[in-house]
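Structure first, then comments.
The values are calculated or read from the model by the stated rules, or taken from the named source; none is laboratory data. The structure displayed is predicted, hence computed values, not measured ones. Heads up, the Cβs are rebuilt from the backbone with ideal geometry, glycines too, and the neighbour counts pull from every protein chain shown. With ligands, DNA and RNA removed, areas are computed over all heavy atoms of the protein, side chains included. Shrake-Rupley method; radii C 1.70, N 1.55, O 1.52, S 1.80 Å.
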Amino acid sequence: VQLQASGGGLVQAGGSLRLSCASSGSIFRIYPMSWYRQAPGKERELVARISSDGNTTYADPVKGRFTISRDNAINTVYLLMNSLKFEDTAVYYCKSTRGRFEYWGQGTLVTVSS
């Protein structure tokens, strides 16, 4: 399984970005997908998760601003980020959890200027 994340960039505070994570391999639709982020000097943290049937959970700092979604037809998960804040600056990673195995994308950098 290979995951390719994209969509990061530089954005002003208050702006929006949409991250994408394309997955190779089969049966993408039956596994949960997640987005994590890691800011400089900090631990990697969970941002959002979407189950195989579309149920979503969010970390408190992003609730109401970020939306995770998936398109099983093209094996892709998205993270729409609105009302971005300086503290959202981080490298964002997607993850596929398949039983006891985890697969990570390479990360995409999001920089929010204040």
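Residues in the stretch 86-110 that are in contact with a Gly (Cβ under 7 Å, 6 or more places away or on another chain) and either open to solvent by 50 Å² or more (accessible area, probe 1.4 Å) or farther than 17 Å from GLY41 by Cα (or both): CYS94, LEU109.
Scanning the stretch 5-42 for residues that are open to solvent by 70 Å² or more (accessible area, probe 1.4 Å), under 18 Å from ASP71 (Cβ atoms) and at pLDDT below 95 yields a total of 4. What are the residues in the stretch 92-103 that are farther than 13 Å from SER6 by Cβ and at pLDDT 95 or above, if any? LYS95 - this is the single residue of the stretch 92-103 that is farther than 13 Å from SER6 by Cβ and at pLDDT 95 or above.
When the stretch 23-44 is filtered for residues that are part of a loop (DSSP other than H, G, I, E, B) and out of contact with any helix residue (DSSP H, G or I) (no Cβ under 8 Å at 6 or more places or on another chain), the ones remaining, listed by number, are SER24, GLY25, SER26, ILE27, TYR31, PRO32, PRO40, GLY41, LYS42, GLU43, ARG44. Quick one: would you say SER114 is open to solvent by 40 Å² or more (accessible area, probe 1.4 Å), in contact with a helix residue (DSSP H, G or I) (Cβ under 6 Å, 6 or more places away or on another chain) and in contact (Cβ under 8 Å) with a residue 40 or more places away in the chain? The answer is yes for SER114.
Note on the stretch 99-114: residues that are in a strand (DSSP E or B) and either within 21 Å of ALA22 (Cα to Cα) or hydroxyl-bearing (Ser, Thr, Tyr) (or both) total 9.
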